[in-house]
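The values are calculated or read from the model by the stated rules, or taken from the named source; none is laboratory data. Everything numeric here is computed off the predicted structure, so don't read it as measured data. Cβ sites come from the backbone with ideal geometry, for glycine too, and all protein chains shown count toward neighbours. Remember, those area values only see protein heavy atoms, side chains included, never the ligands or the DNA or RNA. Shrake-Rupley method; radii C 1.70, N 1.55, O 1.52, S 1.80 Å.
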Amino acid sequence: MLTLVVRRLALLVLVLFGLSLLLFAWVRALPGDPARALLGEKATPAGIAAVNERYGFDQPVWQQYLTYLGQIVRGDFGASINTGEPVVTTFFERFPATIELSLAALVLAIVLGIPLGYLAARRRGGWLDNAVVGGSLLGVVVPVFFLAVLLKYLLAIQLGLFPTSGRQDARIDATHVTNFYVLDGLLTREWDASWDALVHLVLPAIALGSIPLAIIVRITRASVLDVLSDDHVRTAEAKGLSRAVISRRHVLRNALLPVSTTLGLQAGALLSGAVLTETVFSINGIGSYLFDAVTQLDYPVLQGFILFIAVVYALVNLVVDISYGVIDPRVRVS
Amino acid sequence: MAGARSAQAAPSGAAADGPLLSVRGLEVHYPIRTGILQRTVGAVRAVDGVDLDVPRGTTYGLVGESGCGKSTLGRAVLRLTEPTAGSVAIGGTDLLALGGEQLRRERRRMQMVFQDPLASLDPRQTVESALLEPLAVHRAEGGPSAWRARVRGLLDRVGLPSGAGAKYPHEFSGGQRQRVGIARALVLDPDLLVADEPVSALDVSVQAQVLVLLEELQRDLGLTYLVIAHDLAVVKHVSTTVGVMYLGALVEEGTSSGLYARPLHPYTRALLSAAPVPDPVAEASRERILLSGDLPSPADPPSGCRFRTRCPWVQPTRCADERPLLRVVDGHPPTQKVACHWAEDIEAGRLQPRGSARPAAPAA
Amino acid sequence: MTALDALTPQAPPPAEVTGGGGAGPWRSAWRRLRRNPAGIVGAVIVLLFVLVAVLAPLLAPFRPATSEWFGEVTPTSVPGPSDEHPLGLDSYGSDLLTQLIYGARSSLVIGVVSTAVGLAVGALLGVLAGGIGGWVDTVIMRLVDVLLSIPSLLLAVSVAALLGRSPVSIMLAISAAQVPIFARLLRASLLAQRGQDYVVALRSLGLRQRRIVVGHMLPNSLGPVLVQATLTLATAVIEVAALSFLGLGDPNPAVAEWGRMLVTAQDRLDQAPWLALYPGIAIAVTALGFTLLGEALREALDPRSGR
Amino acid sequence: MTGVSLLDVEDLRVRFQRKGQPATTAVDGVSFSVDAGEVVGLVGESGCGKSVTSLAVMGLLPRRGTSISGSVRFDGTDLLALSPSELARRRGRDLAMVFQDPMTSLNPVLTLGRQLTEVLRAHTDLDRAAAKKEAVELLGRVGIPDPRRRAGEFPHQLSGGMRQRVLIAIALACSPRLIIADEPTTALDVTIQAQVLDLLTTLVRESGTAMVLITHDLGVVAGTCDRVNVLYAGRVVESAPRGELFAAPRHRYTQGLLAAVPRVDAPEGTPLHPVRGSVNDRLAWEVGCAFAPRCAHADAACRVPDIALSGPRPEHTARCVHPAGTPLEVA
């Protein structure tokens, strides 16, 4: 188990190293003078000189890379060309919003997805099964940004049930401690602030949750069907255990193992989806930060963003693998 | 069956009087790697020093339980698994000394019949194309029309219906699939056939068909067999010589009639006593030797005699610290060899087994 | 009963006699595919989509992106359906139906080209890794690990941002995200087969490694690759739109594109929601077609996976 | 053979109907009985319906797409007429089952102790601690060394033979009156098979439990069973006391099988006489004897429907028009 963790961390370092090489090559591959390319339209002689000094573009390539690597290791991802803010600072300001949204989406997907997938498998071929399979298919093919637009139009604009954008009503004077707005409200006992943040979360979470929901439902269903045909379930039936005990202890528990691994893989899809969802609902998360960076070709932000996401993605998967080992004795003991 | 064998093969003279297959000191060790750096910390000794000779036209039966290394041995003999040490000679040619291209050409002389005939055939290839391909690859004599005729003749010879060539493997029954597997193994007119559990995947009533076919083919084509199986009755039926394997090594070897009538090694005795016989009278009168425990790990075999941890006759001296070698025992023909320090005393009854040996439980 | 009995040819069971020439795996897969209603729906959608894309100039009532009726669009309203424009105008004053039809065209071209490139590069890497093994395998798979450590959309975004906004860069961006998927798939398939008895049998027959890989192992991997390619087309259609949505789409305003239509429609969501609805539905239905077809192919090629 | 048996299977038929496929008959009128304390063998090759029969008796066949008819009387009650929950109360308590594959028949994520205690807790009123104590005791009884430690371990930590012992312990936990063992040793090595068979028969004889032993191996039957039923294509084709079946088989299929199986104790040069064809070559019983296409003795008389089980004595019957021992044999 410890070996696994260490090996995965070693692999992560390797991946990050490879990634930094790619990202470095990326900036170097920009056509023309790298400093000018980096600055784009905003290039001024002073700006170019500053960039040249920072990246050392006048030095040999390998030395430039080492400098770059050194900066990364120190957590220095440079500053945004547009705002001048250090990339890291902006990340930590904006990341809570994205995490809050992603977690809400994930919780929604798990709470709905696992029971639905399980029931669909148990009543295979029935109306619920067909509805669940069809619904999950829709979840896969309807683009998350389209769903977001649709929800916004129907439930926010037409029916006015939910706010159309933002994380919290501007009129609420909320204290922000952690930048997780729902949590902040709870911590400061500003219940209305918490509630308002929650209401703002509903539509984005539904839109974003559609991706993991579709996948969790399908995996749960397939996994339960697999387990149901396993020999050990037949043994449990031959023991004369009650249906409830068999379902809980022998079917669901075993079926959740593969589901838990896919949760980790969802992290990537969730982050991609968050970028799009935040754009639609004007949420100030890292998604919209990336959106701005992309539209304005803010390379330091893009570079930092990709590295950052890769780390988060790898760590999430590592955590999932470890928890898998905790759940499954076959991995734990051997 | 005028051979497709070209002039360069068919060694006669010098090599013909020695055994066709000669294996010396064969070892196959798989490294065990652990830890972050995948350091090699030991080895699974799948095959750990085996010598055997198979004279031309005879059958050597290799018997043992799962995990004893018999299948690995079979594959190592064909160099489908790379041996760690030792030598394998076929008709005088040392296989382990051959380079890639020479080995590839030499492969026509030795073929394999697999346990699961369906898994051993490419599912997207018709039977005819599966049999033609090796002929084309080795540029056998005659050209395509002669090859086709040979394939048709061969399919007929192994007892497949005409028209079988145009079909795909999944369209046959288990027994027929194994006939396809045998035909494919014979298409290059080999000298040696290694059959790894050739009938264990088949229904009981069909096993005999395949065994009889193998016998006939051996008689008609002068084939030499190395048959690997866990079923003692099957091995006895087909073999001239039988070798019993335990944890990567031979513990006893002898002619099929001699070894089954008077087994010397405690493990052979236990195996024979455990093999069910479809005869209640014989079952009731047999002495049953029940072994305790499971097979030790081949990664960490016991010191001395490898069987000692389960042996009912284990002795406080020699067994734990001296690895017994195959040897001839007085009163037995020189063809029978056993790797046990106490074989004479056990046979004479001077040593008594620990409690676990007893007559079969009375039936009713 | 003599031993000869065992050798006399047996009459095969009746069911097999009727088969005639024997049913190959591809043919029986085709038969299963034809019996799968979801697969047929998928195939019909895909066929319609391809037809619309190919025949766009014939089907569309007008030329695309003309802004011919720009005068009729006001800041507060977009004309809805009329006799001349069955679906109305878009916010730039072009015929909406025409834009939708031509949108199929760019989706198809980008989807097919990017999947083809992703498949070709990915398959090559996968075959090299799985077929050669050793350090080649290690290097390729580490590269794939790096690519997989970035969520696919972000990978596409990075590539598109790097190469600038052009149709070629969009295609490459999307295929970049597909390369690791195909490489892994092929490598895994080849590795799984390497230990199988039939490959061992082919080795023991003295076939060269290259012939075994190209003549036997690759054809046996074709099924999963075909399935993945079909499913990838669905993803590609969505990702093209997503890139446009993020402002990384084709900069040429004369090219009709569903994703961009959806973005521009956002500004007029409360006046003319259909501007967003139609392209959104077009994307979803196209993706649905490829997904249904892909899933049906998967089931047809592997009958045991029938769920 | 009337009414007094512990288990009485009468004219059991099982048909499977899967969507889009023709219905298949897996069990086609199987009848046999088991007396209290008796060990009865069901022998046959793949596809003969032996496993489906056992699952039907236990009520373990999937409900959907399966139609079962006939009767399965256990101690006077027709199990087929019971509701699923009534049947579940009897399973594990009155009749238990040991499955073929020990590697997959235990739940990989539960400890062995837990898998034993749950059956005890379901059918007895033992509390948690008592059930745990009993579980350790059971593990010891089936010959698992260091049972207290093993009870806390997971299935993958045990060898195949040890796992099969655990499955036997689970089956015996509530002292059932009947155990159905479906190929209990097929997945095991010969020496382990001997251990497990010895354990199973000893425990069954000690406790007076009746057992149905399902196997394809005539040798296993010869060493363990009191009575043997030979199945072919979903029907019992011969039923006899063990000694008679092997000494004087009547059905041509039984006879063929015995002549086709090599024996370790056969004198050198004993020829094998294969049965031709494969189990797929068969007639529907409505047309005649299913074995006829593979039988060297078959003639037009074999192609009549409903050949009954018959014989000179009710203890030894065969479903054969030309049974061994009749003049035709010399032909």
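The rows are residues; the columns are (1) more than 28 Å from B:S285 (Cα to Cα); (2) open to solvent by 50 Å² or more (accessible area, probe 1.4 Å); (3) polar (S, T, N, Q).
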{"residue": "B:R310", "(1), (2), (3)": "no, no, no"}
{"residue": "B:T317", "(1), (2), (3)": "yes, yes, yes"}
{"residue": "B:A320", "(1), (2), (3)": "yes, no, no"}
{"residue": "B:P334", "(1), (2), (3)": "yes, yes, no"}
{"residue": "B:V338", "(1), (2), (3)": "no, no, no"}
{"residue": "B:H341", "(1), (2), (3)": "yes, no, no"}
{"residue": "B:A348", "(1), (2), (3)": "no, yes, no"}
{"residue": "B:L351", "(1), (2), (3)": "no, no, no"}
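The requirement of being touching a residue at least 24 places away in the same chain (Cβ under 8 Å) and crowded, with 20+ Cβ neighbours inside 10 Å is satisfied by D:V166. Taking the range B:93-138 as the range and being closer than 20 Å to B:G153 by Cα and β-branched (V, I, T) as the test, the residues that pass are B:V113, B:T126, B:V127, B:V137. Residue selection: D:L188 satisfies the criterion of being farther than 24 Å from D:L7 by Cβ, more than 7 Å from chain B (Cβ to nearest Cβ) and surrounded by 22 or more Cβ atoms within 10 Å (Cβ to Cβ). Within the range D:248-270, being out of contact with any helix residue (DSSP H, G or I) (no Cβ under 7 Å at 6 or more places or on another chain) and either facing another protein chain (nearest Cβ under 7 Å) or open to solvent by 30 Å² or more (accessible area, probe 1.4 Å) (or both) holds for D:A248, D:R250, D:Q255, D:A259, D:P267, D:G269, D:T270. If the condition is being more than 7 Å from chain C (Cβ to nearest Cβ) and open to solvent by less than 30 Å² (accessible area, probe 1.4 Å), then the range B:112-131 contributes B:V113, B:P117, B:Q125, B:V127, B:A130, B:L131. Kindly check whether there is at least one residue in the range D:60-69 that is touching a residue at least 24 places away in the same chain (Cβ under 8 Å), within 26 Å of D:H216 (Cα to Cα) and part of a helix (DSSP H, G or I). Scanning the range D:60-69, I find no residue that is touching a residue at least 24 places away in the same chain (Cβ under 8 Å), within 26 Å of D:H216 (Cα to Cα) and part of a helix (DSSP H, G or I), so the answer is no. Do you know which of the residues in the range B:133-145 that are of a type in the set (A, V, I, L, M, F, W, C) and touching a residue at least 24 places away in the same chain (Cβ under 8 Å) is nearest to the other protein chains (Cβ to nearest Cβ)? For the range B:133-145, the residue satisfying everything is B:L135. Could you tell me whether the range A:80-99 includes any residue that is in a helix (DSSP H, G or I) and within 12 Å of chain C (Cβ to nearest Cβ)? No: zero hits.
Report the residue count in the range D:87-108 for those that are facing chain A (nearest Cβ under 7 Å), surrounded by fewer than 21 Cβ atoms within 10 Å (Cβ to Cβ) and part of a loop (DSSP other than H, G, I, E, B). Number of matching residues: 4. The set of residues in the range C:178-199 being aliphatic (A, V, I, L, M) and either open to solvent by less than 10 Å² (accessible area, probe 1.4 Å) or part of a loop (DSSP other than H, G, I, E, B) (or both) consists of C:A183, C:L186, C:L190, C:V199. Among the residues making up the range D:59-83, a single one is open to solvent by less than 40 Å² (accessible area, probe 1.4 Å) and modelled with pLDDT under 90: D:G65. Of all residues in the range A:275-297, none satisfies being under 27 Å from A:L213 (Cα atoms), facing another protein chain (nearest Cβ under 10 Å), of a type in the set (A, V, I, L, M) and surrounded by fewer than 22 Cβ atoms within 10 Å (Cβ to Cβ). Answer yes or no as to whether B:A261 is within 13 Å of another protein chain (Cβ to nearest Cβ), touching a helix residue (DSSP H, G or I) at 6+ places or on another chain (Cβ under 6 Å) and of a type in the set (G, A, S). Answer is no for this residue.
Whenever a residue of the range A:197-213 is over 17 Å from A:G139 (Cα atoms) and outside the structural domain of A:N179 (by TED's automatic domain parsing), it has no partner that is of a type outside the set (F, W, Y) and surrounded by fewer than 23 Cβ atoms within 10 Å (Cβ to Cβ) lying with C-beta atoms less than 9 angstrom away and at least six residues away or across chains. Taking D:V136, is it buried (at least 16 other Cβ atoms within 10 Å of the Cβ), away from chain A (no Cβ under 14 Å) and without any contact (Cβ under 8 Å) to a residue 24 or more places away in the chain? In short, yes. Does the range A:233-242 contain any residue that is modelled with pLDDT of 85 or more, open to solvent by 40 Å² or more (accessible area, probe 1.4 Å), of a type outside the set (F, W, Y) and assigned to a helix (DSSP H, G or I)? Checked against the condition, which is being modelled with pLDDT of 85 or more, open to solvent by 40 Å² or more (accessible area, probe 1.4 Å), of a type outside the set (F, W, Y) and assigned to a helix (DSSP H, G or I), the range A:233-242 yields at least one hit.
Per-residue answers, yes or no, for (1) in a strand (DSSP E or B); (2) open to solvent by 10 Å² or more (accessible area, probe 1.4 Å):
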position	(1), (2)
B:R184	no, yes
B:L202	no, yes
B:L217	no, no
B:H237	no, yes
B:L250	yes, yes
B:R269	no, yes
B:A282	no, yes
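Scanning the range C:251-258 turns up no residue that is modelled with pLDDT under 90, within 13 Å of chain B (Cβ to nearest Cβ) and more than 21 Å from the chain's Cα centre (by Cα). Of the residues that sit in the range A:243-266 and are away from chain D (no Cβ under 11 Å) and open to solvent by less than 10 Å² (accessible area, probe 1.4 Å), which one is nearest to A:L119 (Cα to Cα)? Top of the filtered list is A:V259.
Restricted to the range B:155-171, and to residues there that are without any contact (Cβ under 8 Å) to a residue 40 or more places away in the chain and under 28 Å from the mean Cα position of the chain (by Cα), the residue that is surrounded by the most Cβ atoms within 10 Å (Cβ to Cβ) is B:L160.
Taking each residue of the range D:212-233 that is of a type in the set (K, R) and looking for partners that are open to solvent by 10 Å² or more (accessible area, probe 1.4 Å) with beta-carbon atoms closer than 6 Å, six or more apart or interchain, yields D:R227/D:P241. Answer yes if at least one residue in the range B:154-163 is basic (K, R), in contact with a Leu (Cβ under 6 Å, 6 or more places away or on another chain) and either in a loop (DSSP other than H, G, I, E, B) or on the phi < 0 side of the Ramachandran plot (or both), and no otherwise. Looking for residues that are basic (K, R), in contact with a Leu (Cβ under 6 Å, 6 or more places away or on another chain) and either in a loop (DSSP other than H, G, I, E, B) or on the phi < 0 side of the Ramachandran plot (or both), one finds none in the range B:154-163, hence no. Restricting attention to the range C:132-172, the residues that are surrounded by 22 or more Cβ atoms within 10 Å (Cβ to Cβ) and assigned to a loop (DSSP other than H, G, I, E, B) total 3. Can you give me the number of residues within the range D:160-180 that are assigned to a helix (DSSP H, G or I) and within 16 Å of D:V119 (Cα to Cα)? Residues meeting the conditions: 8.
The set of residues in the range A:130-150 being more than 10 Å from chain C (Cβ to nearest Cβ) and farther than 28 Å from A:P163 by Cβ consists of A:N130, A:A131, A:V132, A:S136. Just one of the numbered conditions (1) surrounded by 19 or more Cβ atoms within 10 Å (Cβ to Cβ); (2) assigned to a loop (DSSP other than H, G, I, E, B); (3) over 27 Å from the mean Cα position of the chain (by Cα) is not true of B:W147: (2).
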